[in-house]
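A quick write-up on the structure given underneath.
The values are calculated or read from the model by the stated rules, or taken from the named source; none is laboratory data. Only a predicted model underlies this, so the values are computations on that prediction, with no experimental measurement involved. Heads up, the Cβs are rebuilt from the backbone with ideal geometry, glycines too, and the neighbour counts pull from every protein chain shown. Keep in mind that these areas ignore ligands, DNA and RNA; they rest on the heavy atoms of the full protein, side chains included. Shrake-Rupley method; radii C 1.70, N 1.55, O 1.52, S 1.80 Å.
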Amino acid sequence: MGAQTLSDSGWTKVRVDVPDTATFDRLIDSNLDVLDCTPHLGSADVAIGPGEELELIEGGYTYRVVSKLEDPRNWYKRHGHSTSYDGEDYRLHYFDADQILAFYEDLRANHHSYVSRINIGTSTNGETIWAYRFQDPRVSRTAIPNNIVIESLIHAREWISGACVMHIAKKVVEGLENPTGNRLLPNQVLWIIPIVNPDGFRYTWTDNRLWRKNRRNNGSGSYGVDLNRNFSKAWGGSGSSGNPNSETYRGPSAFSEPETQAIRNLLLSLQRVGGFIDYHSYSQLILWPWAYTLTAPPDAATLNNFGIQIKAQMDQFGATYTQGQAGPTLYLAAGSSKDYVYDGWTKPAFTIELRDTGQNGFLLPESEIFASQDEVWAGFKVFSGLAGR
Ligand code: 0X9
Ligand code: ZN
């Protein structure tokens, strides 16, 4: 690929060859915006903005142009967005941070015997991080509840995760209202953290649609820690970067970020944790620990069985998911949330990568929200049934 062939003004998606682990490590350590969820050996898609091709050339990468990419800056201004709030619209449109919080506040206002919320921390830029708690009030208050914890929007640009977790909340509330509906198991409590990364998520609406990390000021004009590399299990290991400009920058130390501290503190406050799911996009994967190593976890057989059952449910809506251990199935990623939960509580902990498999990537069209929500709910029902005992 010649140096001057990419437009100086536009954005381009290029596919970079990743023939060996040295190239992979170099790529994720670089300043390049890796778009691909599977940049292990083979190839990785990278977003190249105006003037950024030089880094590819200087890095000695071989690559080819895949397609033009829409300028990720000021994306929402071009696409238009109604900031009014209609609770039903969450199946048709992506909600911004205020709309997502309004949606959960509506659930809480209308169902205060089932739904409550607590403040679990304050983001880098000072925004409250909320955790919503769902429990059937008819269930005994004296027994120790079995807590299922799920989170969305730890990665800012993965909008479909927030949309799908809203649907879980909605369906769980419907089930609690209706004795013949889909119920949580007796003595099960569901915790939802709707926006783990509020600063990054807001930034995707205002400044850069493809932002991934939080908004920590790293100095020297660099921003952001990858929160899914900032947890303590195997912090600093493979698949995380010490370069503050990298998309997978792990931060200065484990739990250096208020957003990961908030998740940790919530988990530590619970007497019992029965299961955990962190929703991401994209690649259509159902992943279990470990992510930091290729070595299988102690109860790989059980996790594999859970994965198979979740996949069977999720595959009913037109998309096909792949399940497996994260490290071998995707790539190594040290310091992730699910490894931390699995290490600490030895209960089923999953990362679920939602639609699609790369046609639209993080820019999943709104027309796919509905089916994504249906498949997430189907998968979650079987997970909570298995994990909740
Ligand atoms: O890299 C991540 O944090 C996750 N993928 S994403 O494209 N949504 O950023 C995956 C984390 C799960 N585990 C492994 N990567 N092995
Ligand atoms: Zn992600």
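Kindly indicate whether any position in segment 332-352 is more than 18 Å from residue 152 (Cβ to Cβ), within 16 Å of ligand 2 (Cβ to nearest atom) and modelled with pLDDT under 95.
Yes, segment 332-352 contains a residue that is more than 18 Å from residue 152 (Cβ to Cβ), within 16 Å of ligand 2 (Cβ to nearest atom) and modelled with pLDDT under 95.
Kindly state which strands (runs of 3 or more DSSP E) lie completely within segment 28-122 and contain at least 1 residues that are within 16 Å of ligand 1 (Cβ to nearest atom) and either exposed (fewer than 13 other Cβ atoms within 10 Å of the Cβ) or in contact (Cβ under 8 Å) with a residue 60 or more places away in the chain (or both). Break it down stepwise before answering.
Working: elements: 42-48, 63-69, 115-122.
Fully inside segment 28-122 and qualifying: 42-48.
Determine which single condition residue 277 fails, assuming it passes every other condition in (1) within 30 Å of residue 118 (Cβ to Cβ); (2) away from ligand 2 (no atom under 15 Å from the Cβ); (3) within 18 Å of the chain's Cα centre (by Cα).
Among (1) within 30 Å of residue 118 (Cβ to Cβ); (2) away from ligand 2 (no atom under 15 Å from the Cβ); (3) within 18 Å of the chain's Cα centre (by Cα), residue 277 violates only (2).
Pick from 202, 183: which is farther than 26 Å from residue 113 by Cα and either in contact with a strand residue (DSSP E or B) (Cβ under 6 Å, 6 or more places away or on another chain) or surrounded by fewer than 24 Cβ atoms within 10 Å (Cβ to Cβ) (or both)?
Selected residue: 202, the only one of 202, 183 that is farther than 26 Å from residue 113 by Cα and either in contact with a strand residue (DSSP E or B) (Cβ under 6 Å, 6 or more places away or on another chain) or surrounded by fewer than 24 Cβ atoms within 10 Å (Cβ to Cβ) (or both).
Quick one: residue 388 ticks every box in (1) in contact with a Cys (Cβ under 7 Å, 6 or more places away or on another chain); (2) at pLDDT below 95 except a single one, so which number is it?
(1)
When you go through 196, 225 one by one, which is the residue that is without any contact (Cβ under 8 Å) to a residue 40 or more places away in the chain and either surrounded by 22 or more Cβ atoms within 10 Å (Cβ to Cβ) or within 15 Å of the chain's Cα centre (by Cα) (or both)? First the steps, then the outcome.
Values: 196 fails: without any contact (Cβ under 8 Å) to a residue 40 or more places away in the chain.
Only one candidate qualifies: 225.
Taking only pairs six or more apart or across chains, which ones have beta-carbon atoms under 6 Å, a first residue in segment 270-287 that is among the acidic types (Asp, Glu), and a second residue that is within 14 Å of ligand 2 (Cβ to nearest atom)?
From segment 270-287, the pairs are 278/151; 278/337; 278/338; 278/351.
For the structure I just gave you, tell me whether residue 161 is out of contact with any Cys (no Cβ under 9 Å at 6 or more places or on another chain), surrounded by fewer than 22 Cβ atoms within 10 Å (Cβ to Cβ) and either part of a loop (DSSP other than H, G, I, E, B) or at pLDDT 90 or above (or both).
no
Determine which single condition residue 359 fails, assuming it passes every other condition in (1) within 16 Å of ligand 1 (Cβ to nearest atom); (2) buried (at least 16 other Cβ atoms within 10 Å of the Cβ); (3) not in a helix (DSSP H, G or I).
Against the list (1) within 16 Å of ligand 1 (Cβ to nearest atom); (2) buried (at least 16 other Cβ atoms within 10 Å of the Cβ); (3) not in a helix (DSSP H, G or I), residue 359 comes up short only on (2).
Against the definition (of a type in the set (S, T, N, Q) and in contact with a Lys or Arg (Cβ under 9 Å, 6 or more places away or on another chain)), how does residue 295 come out, yes or no?
Here the answer is no, as residue 295 does not meet what is asked.
Of the conditions (1) within 16 Å of ligand 1 (Cβ to nearest atom); (2) farther than 25 Å from residue 194 by Cα; (3) surrounded by fewer than 21 Cβ atoms within 10 Å (Cβ to Cβ); (4) not hydroxyl-bearing (Ser, Thr, Tyr), residue 254 clears all except one; give me its number.
Looking at each condition in turn, residue 254 falls short on (2).
Starting from segment 203-216, keep only residues that are more than 15 Å from residue 47 (Cβ to Cβ), then list their pairs with residues that are within 13 Å of ligand 1 (Cβ to nearest atom) and of a type in the set (Phe, Trp, Tyr) whose Cβ atoms are within a distance under 6 Å, requiring at least 6 positions of separation or different chains.
From residues that are more than 15 Å from residue 47 (Cβ to Cβ), the pairs are 203/211.
Out of the residues in segment 219-239 meeting the condition of being within 12 Å of ligand 1 (Cβ to nearest atom) and under 16 Å from residue 32 (Cβ atoms), tell me which one is modelled with the lowest pLDDT.
Per the criteria, the residue is 239.
For every residue, the table says whether it meets (1) open to solvent by 40 Å² or more (accessible area, probe 1.4 Å); (2) within 28 Å of residue 27 (Cβ to Cβ); (3) not polar (S, T, N, Q).
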{"position": "282", "(1), (2), (3)": "no, yes, yes"}
{"position": "291", "(1), (2), (3)": "no, yes, yes"}
{"position": "294", "(1), (2), (3)": "yes, yes, yes"}
{"position": "300", "(1), (2), (3)": "no, no, yes"}
{"position": "325", "(1), (2), (3)": "no, yes, no"}
{"position": "340", "(1), (2), (3)": "no, yes, yes"}
{"position": "346", "(1), (2), (3)": "yes, no, no"}
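Look at residue 306 and say whether it is open to solvent by less than 10 Å² (accessible area, probe 1.4 Å) and of a type in the set (Phe, Trp, Tyr).
In short, no.
Here are some residues: 143, 169. Which one is open to solvent by 10 Å² or more (accessible area, probe 1.4 Å) and away from ligand 2 (no atom under 16 Å from the Cβ)? Break it down into steps so the answer makes sense when it comes.
Values: 169 fails: open to solvent by 10 Å² or more (accessible area, probe 1.4 Å).
The match here is 143.
Which pairs turn up if I take residues in segment 310-327 that are touching a residue at least 24 places away in the same chain (Cβ under 8 Å) and among the basic types (Lys, Arg) and look for partners that are within 16 Å of ligand 1 (Cβ to nearest atom) and open to solvent by 20 Å² or more (accessible area, probe 1.4 Å) with beta carbon separation below 9 Å, at least 6 apart in sequence or on another chain?
311/322; 311/323
Sort through 333, 312, 301, 296 and tell me the only one that's near ligand 1 (Cβ under 9 Å from one of its atoms) and among the hydrophobic types (A, V, I, L, M, F, W, C).
Going through 333, 312, 301, 296 in turn, just one is near ligand 1 (Cβ under 9 Å from one of its atoms) and among the hydrophobic types (A, V, I, L, M, F, W, C): 333.
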